[in-house]
Amino acid sequence: MNVSLVIVTRRVAILLCFSVCFWVQSPAEAQSSFGRSVPNGNWFDNNWIINGVNLGRPGQFNTDNNVVIGDASATSGAVEPATVTLNSAAVQIESIKIGGAGPNATGNLNISAAGNLTVNRDVEVHNGNLNLDGGSLQANRVVADGAAANVTINGNLDADVLRAQAGGSVSIAGPIANSDLSISGSDGSDVQVNATTAARVLSLRNNSSATLNASSTFEQINTVDSRLEIDADTVTTGNASGPSIVFVNGGQFEHQSGTIQTDRLEFSRSQASGTAVEVQRLGGNFDVEDLTVEGSTVNLNLSDQISNRISVTDGGVINAASSLDLTGGVTISNATLNLAGDLVAESLALAGPAAILGRTADDHFTVSSLSVSSIANYTLQETDTVLDSLDVSDSTFTTSQVFSGLGNLAIVEAGNAAFLDSADFELASVFGGSVASFQAASDIDNLLLFGGSEIEVVQADGESVGLTLGSIQTFPGGGIFDLQFDSVTGLIGELDWAMRVAGDQQSVLQGYLDSGTIITSGADGQSISAIYDVDLYGDFTHIGFVTASPVPEPSSFAAMLLIGCAVAGRRKCCIA
């Protein structure tokens, strides 16, 4: 049924004209039309105000209907442009489309404080404005689609998705508290958060932007090749089901003020272009557990709190402003961490020839475990402390520290570790092509040797002791022991040894000597063997020697006497 009402006033004459017609619309026709238009009157209960004029409702309320505002091409009877204000306390429809592609196909929908609109599906703004001004809107999705599309939220929004796309704009002007809401921007769109917001996700894609000017809480924030600006008191991410995260992939990040509170703050290179995030910190502070930086330069402030882990990789730079005390670890992979004080962490991993731990002589680190990988030469400072384990891979590592009471030593991939002072490990694993060099009295409870590996023991001048092993386990290909004795022998009868193994291992170690698994040098010509004598030397099998009496040089008188005897011998005479 189509009803039109025309009112014409000429002084005292009023002409009322009604025309009524009925038709039956085929299913095909119904499907080809987007739905019922509301440009010519009030919807359902006389509270849809069209272009500022109340012209009466156009038809019976039906929840199967869709509403088109300001696009005559979408449905018959629409006018362009059209502005609709909803003052109704209870209106429910199927969907809303605002504006279209025509030059005048613009629409505006204002939901006033008295307005309460339920949309079963989506509200789409293509050309025009949706203004939730104090009222309530319930929908599946609210979308600003296109450069001429704007959505302003200053009321009660109950939706799963609030999206700006293809250059559209979304502005949050009033508080939002909706744990199911996903706020997003894509393809050059803009999102403005100007009021306290609590939502599930904020996400940006492909050259979009978001500015957080008010305190906000999300389960996570993720941006890809976009711009995120934070100028709010606090921005918090929290997720009961897993770690919360602020993830910035490519694009720009500008921190004007306020505190960013999250489990993980991550700046990574763009997956599409490989470009690092441009990070600008003009104020504010971080309160995060884990900080990850790939390729970017991040300057920390004195008020920043990083509590668990720091990872800087692929050309990234982190400039600390104070000492760092972490419950987790630090990873520096072909990147730089510049200290501004001491570092305390569970672990420190330095990887790659461009890995740099920048510091002054007064800055030192204390870690439970240290890993050095693919670094040509790395020397541990005397003030550094490693409490438990050391892992050296494809690197040359040197330390003059005393390593006492450590758990594990692993040297892999042609690594080389030299201990200039004593070292003490529970377990040492030396893999193919790798060398562990001990140049002072040291102790290893369990030694694992893999094919092509080498244990080097260099006995310091004047020393008569070397490397003590609790046990040795060799794997296919085994390894070799290069025992270098000093050239100074001890007192006559004194045991001089470069390596010893707990228990009676005499036959095994002598076999190593005979086969060349153990090679020796130095010892000033003394005869080196595997020696086991529990009474004299304890329950160890030693590789060494007991200093023997030197063979005296003959005196001149004795030499003459020997020559005389030789001559007399030829004459068949002897001297008694």
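A short reminder: the numbers here are calculations on the coordinates, not readings from a lab. Bear in mind the structure is a predicted one, so any value in this text is a computation, not a measurement. Methodologically, a virtual Cβ is constructed for each residue, glycine included, from the backbone with ideal geometry; neighbour enumeration extends over all protein chains shown.
A few notes on this one:
- For Ile480, the amide hydrogen comes within under 5 Å of the amide hydrogens of Ser453, Glu454, Ile455, counting only partners 5 or more places away or on other chains and with H modelled in the peptide plane.
- Karplus-derived 3J(HN,Hα), 6.51/-1.76/1.60, for each residue of the stretch 161-177, Hz, glycine and proline x: 9, 10, 10, 10, 9, 6, x, x, 10, 10, 10, 9, 9, x, x, 10, 9
- Hypothetical label at Asp160: residues of the stretch 126-148 whose amide nitrogen lies under 17 Å (7 Å Cα-Cβ projection): 138-144
- Karplus-derived 3J(HN,Hα), 6.51/-1.76/1.60, for each residue of the stretch 203-220, Hz, glycine and proline x: 9, 10, 9, 6, 6, 9, 9, 9, 10, 9, 9, 9, 4, 9, 10, 9, 5, 7
- Scanning residues 5 or more positions from Ala349 or on other chains, those with amide H under 5 Å from its amide H are Val330, Thr331, Ile332, Ser371, with H placed 1.01 Å from N in the peptide plane.
- Counting Lys and Arg as +1 and Asp and Glu as -1 over every other residue whose Cβ lies under 10 Å from the Cβ of Val435, the net charge comes to -3.
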